[in-house]
Every structure is written in structure tokens, then in C-alpha cells.
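The values are calculated or read from the model by the stated rules, or taken from the named source; none is laboratory data. It should be emphasised that the depicted structure is a prediction, and the values quoted were computed from it without experimental measurement. Cβ: placed from backbone, ideal geometry, glycine included. Neighbour counts: every protein chain shown. Just the protein is used for accessible areas: all its heavy atoms, side chains included, with ligands, DNA and RNA removed. Shrake-Rupley method; radii C 1.70, N 1.55, O 1.52, S 1.80 Å.
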Amino acid sequence: MFDYNFHWRPVLKTLPDLLDAALLTLEVAILAMLIGIVIGLCLALIRLHMKGSLYWFATSWVELARNTPALFQLFFFGFGLGAFGLHLSPYLIVLTALSFNCAGYLAENFRGGFLAIPETQMRSARSLGMTAWQAYTRIVIPQVFRIVYHPITNQIVWCVLMSSLGMLVGFRELSGETQFFASRTFRIFEYFAATAVIYYVIVKLILVASRILAARLFRY
Amino acid sequence: MEPSLSFFSDFNINDFWFLGQAAVRTLWISLLSISLGTVLGIFFGWALYEGKLAATLTLAPLLDVFRSVPLIIQLVLFYNFAPIMGLNLDPFGSGVVILTIYTSALVANVARGGIEAVGKPLRNAARSLGISYWQDLRYIVFPIGGRAVFPAWVGVALGVMKDSALVSVLGYVELLKASQILITRTQEPFLILIVAGAFYFALSYPISRYAANLEKSWAQ
């Protein structure tokens, strides 16, 4: 049926390199996720409680991140900033673009989470003698975290998938490494098939880990 | 101001025409894949709902693959796999095929959610009034369930519109690829990327606003 000979040997030979690159993919995705959570939390709080220029800054961040393609954001941090003489390394390009994107999406999730917590929670915590900081970190944020836990899991998956765009700016994570080997051996289909499997396994592992963690965290 | 002067002499009216044509191509490939993918996705969603065990074992994991592998890998993989199968697809064809399947995988979940949103008693009542199964789907489930998941569907459609930028890796000259070509010639990445980003934003922002408002007014 096929007039094509599959050659899997080169793929097998470079599999350790691909797995190393997969670790790099995970590293960038998780790092971007952590930065995104911190910035996203700030953006959400700004949008909920502030007015004026700070509010507009946070709102435009969120809307820009959500309404333009991730690839555009990557190109913008990669090539657009070059116009100002700012040349980031491929690693930094991917990290900033991913963090920018994640922060925007997570900010909306956090905002929804904060809005879902009744205001009385905050007030009763304050009337029990807690300071605003204590009430936020001990009463409100844990409840918000429970609401946004699943959106955060989805965002991590999305982050891992999106880091594959790194190959377009010359970043040698899983996709970039695959492209490198594929163009060296011309076994494009075989390499990308192997990479697809690796991505699938990574995503499934993340989902399983998140489910186990959820079972432990939300026992009560 | 030397660079911006040379930019204005280089970036002429024809280039705007070039970007405009590319924007039309972005719209065309998105519209085509979103409409085809939605039809297919509704069918898959119905199959997932009705198919019970058989669908959970076959269709669900298959659709899951398309959501767990980066779109860019899917595109490269299919583009290189089609000739092995004896198909001769141009980048546009490959892009439409993969974007359609990708859309349908996302819409399937939305559609299933929509069918589940319609109460069982309501459908039983309809059936007991002498309405046939297909009439029930057409006149009861579609209007009520469709309304419940319309905002989610808009989110999927906008996501696919933004993800259509990835077809540029196959060499299809859509908006982002066109901006890359212009950047290479004019060496003025910042302004050209802003123009391209503004187009995506102008398309995506009003629609997402509209869907969010619709969701809010229906929630009341």
C-alpha cells in the first residue's frame, strides 16, 4: 500500500537527545507557568480593586494576551523587540512569550475565582481580628485556588503544547530538536511521529499527576 | 530617525495590499475549517453522548490525541504523511484538514456538554407528545443546548482563528507569514508586527466581547 520505507533507527538512536529536549520543554513550561501565576494573580487583583492607569495597563495586558495568536506574541518578543535593540536568546523569547500569554489567561481565571468568593468571607475574617493580608492569604486565596485548580491544570497542558512554537524562533526544545534531527536525516515523518507520542505522554502524565494532587489537596 | 525614514520609503501601499490579501487568506482558511469542524464536531459530540461505552473506548481517545499533541506537530506530521498515503495536498489543503479535525475535537466536547445541558425530563416530555427522535434533536435539544454552549463555541472558534497562524509553517502565506516576508525585506519588524497583531485583535476582541455579554445576559 505504501511506496515508502519507514526508517525508525535514526529516531531510536537520537531518542535520548529527544528526551533531554523534552525535559527542557517541561522546564520552560513550568517556569512560564509559575511566572504566569504570580503575574496573573497581580493582574486579577489590579483589575478587581484598582482604577485609573494601572487598571488599563492590566486590562490591556489581559485582552492583548487573549486576543492575539500565541505565535504572534512569540514573534513580537522575538523579532519585534529587536527594533529597540533588545535581542533575547531563544530560551528567553519562549519564556517571556509563554509567561505573557499564561498571565493573561490565568488573570481571567483568577478574577472569576475571586468574584465567586462571597464578600462576607472577607468581612467575617476581618471581624475576627485578621489583618487584610492575613484574610487574603488564609481565607480568600485558598478558596480561590480550589476554584482555579482545574483551569490551572489546563493552562499547564496548554503551556507545554504552546512551547512547541519555540522551534520557529530556533529554540531547541522538543520540537526544535526534532526539526533539527529531521532536517539532518530527512526522516521528517518518523521524527515528528515520535515527538507527537512524547508530547502525548507528557500531557497524560501531567493530567494524572494533577488528579493525584487534587485527591490529596481537596480531601475535605 | 534614519530607520523609520527608510521604513516609510520601503513599506509602500502595495505592501498594505499584500497584507490585506494575506488577512483575507487567514479569514478564508479559518472560516472553512471552523464551519467544517463544527459540523463534524457536533456529529462527534452526538456520537459521544449516544455511543456510551463504544464511543468512550474508540472516539473519545482518538479525539483526545488531537487535543494532546501540539497543533504545529500535527500539521507537520500530516503534511509529510499525506504523500506517503498517495495524497497530494498543498499547504492549504493540509492546513484545512488538520484545522478541521482539531476544531471538531474541541467542538465535540462542547456539543456533548450542550446535549447534556438539556434536561432528560424535557426530552422525555417531547417524545411523549409524539415528537420523533430526530425532531427532538432538531427542535428541542439544538435550540436549548446550543444556547447553553454558544459562548464556549465562540471561544473555540476564536481559538482556531488564532491557531490558523500556525499553517504558516507549511508555507501557506497567511497574515503572519506575510508579515514575516515583509519583515525580511523591510527590516522593520516592530511596525509590521503591530499591523498584523492589530488585525487579529480587531477581529477577535469584538467577537469575544459579544460572546461574554451574551453569556452575562443569558445568565440572568
Inset, instruction - Determine, yes or no, whether A:V160 is in a helix (DSSP H, G or I), facing chain B (nearest Cβ under 10 Å), open to solvent by 20 Å² or more (accessible area, probe 1.4 Å) and at pLDDT 90 or above. - result: no
Inset, instruction - Answer yes if at least one residue in region A:118-133 is modelled with pLDDT of 90 or more and within 17 Å of the chain's Cα centre (by Cα), and no otherwise. - result: no
Legend entry - Single match in A:V144, A:V140 (criterion: crowded, with 20+ Cβ neighbours inside 10 Å, more than 14 Å from chain B (Cβ to nearest Cβ) and either within 18 Å of A:I46 (Cα to Cα) or free of Cβ contacts under 8 Å to residues at least 24 places away in the same chain (or both)): A:V144
Inset, instruction - Could you figure out which of (1) among the polar types (S, T, N, Q); (2) open to solvent by less than 30 Å² (accessible area, probe 1.4 Å); (3) under 19 Å from A:P69 (Cβ atoms); (4) out of contact with any Lys or Arg (no Cβ under 8 Å at 6 or more places or on another chain) isn't true of B:S104? - result: (3)
Inset, instruction - Consider A:S53 carefully, then state whether it is under 30 Å from A:A132 (Cβ atoms) and among the polar types (S, T, N, Q). - result: yes
Inset, instruction - Among the residues of region B:158-202, count how many are open to solvent by 20 Å² or more (accessible area, probe 1.4 Å), among the hydroxyl-bearing types (S, T, Y) and either facing chain A (nearest Cβ under 9 Å) or in contact with a Phe, Trp or Tyr (Cβ under 6 Å, 6 or more places away or on another chain) (or both). - result: 1
Legend entry - Search result, residues across region A:172-193 that are open to solvent by 60 Å² or more (accessible area, probe 1.4 Å) and within 11 Å of another protein chain (Cβ to nearest Cβ): A:Q179, A:F186
Inset, instruction - Could you look through region B:161-182, keep only residues that are in contact with an Asp or Glu (Cβ under 7 Å, 6 or more places away or on another chain) and among the hydroxyl-bearing types (S, T, Y), and pick out the one that is farthest from B:V96 (Cα to Cα)? - result: B:S168
Inset, instruction - Taking A:S99 as the residue in question, decide whether it is away from every other protein chain (no Cβ under 13 Å), in contact (Cβ under 8 Å) with a residue 60 or more places away in the chain and among the polar types (S, T, N, Q). - result: yes
Inset, instruction - Kindly provide the set of residues from region B:21-37 that are aliphatic (A, V, I, L, M) and crowded, with 16+ Cβ neighbours inside 10 Å, ordered by number. - result: B:A22, B:A23, B:L27, B:I29, B:L32, B:I34, B:L36
Legend entry - Qualifying positions in region A:194-213 - within 11 Å of another protein chain (Cβ to nearest Cβ) and touching a residue at least 24 places away in the same chain (Cβ under 8 Å): A:A194, A:T195, A:I198, A:Y199, A:I202, A:V203, A:I206, A:L207
Inset, instruction - Pairs only if they're at least six apart or on different chains, beta carbon under 6 angstrom, first in region B:51-65 and closer than 12 Å to B:L106 by Cα and modelled with pLDDT of 85 or more, second of a type in the set (V, I, T) and not in a helix (DSSP H, G or I); list them, first residue then second. - result: none
Inset, instruction - Would you mind stating whether A:R211 is outside any helix (DSSP H, G or I), of a type in the set (D, E, K, R) and more than 26 Å from A:L92 (Cα to Cα)? - result: no
Inset, instruction - Kindly indicate whether any position in region A:11-24 is within 14 Å of another protein chain (Cβ to nearest Cβ) and farther than 14 Å from A:A194 by Cβ. - result: no
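Okay, residues lined up against (1) within 13 Å of another protein chain (Cβ to nearest Cβ); (2) of a type outside the set (K, R); (3) open to solvent by 10 Å² or more (accessible area, probe 1.4 Å); (4) in contact with a helix residue (DSSP H, G or I) (Cβ under 7 Å, 6 or more places away or on another chain):
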| site | (1), (2), (3), (4) |
| --- | --- |
| A:V28 | no, yes, no, yes |
| A:V38 | no, yes, yes, no |
| A:L41 | no, yes, yes, yes |
| A:R47 | no, no, yes, yes |
| A:M50 | no, yes, yes, no |
| A:L54 | no, yes, yes, yes |
| A:A58 | no, yes, no, yes |
| A:R66 | yes, no, yes, yes |
| A:A70 | yes, yes, yes, yes |
Inset, instruction - Determine which single condition A:T120 fails, assuming it passes every other condition in (1) among the β-branched types (V, I, T); (2) more than 11 Å from chain B (Cβ to nearest Cβ); (3) surrounded by 13 or more Cβ atoms within 10 Å (Cβ to Cβ). - result: (3)
Inset, instruction - Taking the residues in region B:64-91 that are assigned to a helix (DSSP H, G or I) and within 15 Å of the chain's Cα centre (by Cα) as candidates, determine which candidate is nearest to the other protein chains (Cβ to nearest Cβ). - result: B:I72
Inset, instruction - Can you tell me which residue among B:L53, B:L77, B:L63, B:L71 is surrounded by 19 or more Cβ atoms within 10 Å (Cβ to Cβ) and under 30 Å from B:D136 (Cβ atoms)? - result: B:L63
Legend entry - Condition met for B:F92 (at pLDDT 90 or above, touching a Ser or Thr at 6+ places or on another chain (Cβ under 9 Å) and open to solvent by less than 80 Å² (accessible area, probe 1.4 Å)): no
